[in-house]
1. Taking the condition of being more than 13 Å from CYS8 (Cα to Cα) and either surrounded by 12 or more Cβ atoms within 10 Å (Cβ to Cβ) or in contact (Cβ under 8 Å) with a residue 40 or more places away in the chain (or both), how many residues in region 29-45 meet it?
2. Exactly one condition in (1) in contact with a helix residue (DSSP H, G or I) (Cβ under 8 Å, 6 or more places away or on another chain); (2) within 30 Å of THR14 (Cα to Cα); (3) modelled with pLDDT under 85; (4) not aromatic (Phe, Trp, Tyr) is not met by HIS82; state its number.
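The values are calculated or read from the model by the stated rules, or taken from the named source; none is laboratory data. Just so it is clear, the model here is predicted, and its values are computed rather than measured. Positions of Cβ are backbone-derived with ideal geometry, glycine not excepted, and every protein chain shown enters the neighbour counts.
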Amino acid sequence: MLKDKCICLICQITISTTKKGNLERHFRTTHSKFDIDFPPKTEVRKKQLEKLKLEIDKQQLIFTKPVLKSKAALIASFRISHVLAKNKKSFQIGEIVKQAFLEDTDALFENFKNKRFIVIS
């Protein structure tokens, strides 16, 4: 399910309403060979379903990664604005630039493994 909508793992279409009957009808009519190729309650079927779930997750990550990056940039810009407003000075003074950069490094490099190295250098 994605945002209250059911997505077929096999053909990746959205099922209009989330009712058990609609899902079963779609599966029986569209993917009738799936039960033959991957019998219910077997390891082969479990592995295939996990593979299909991973494929959909990878596709959805394409859309969520840019959102996380832009959110980090937004947080960093707010922190820099806060430092400038707190000091009541322009961004041209060296000490304020350094302080602002140190404030926003937490937001910009949050998921980086080498965050400490980036901040030190």
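1. 3
2. (2)
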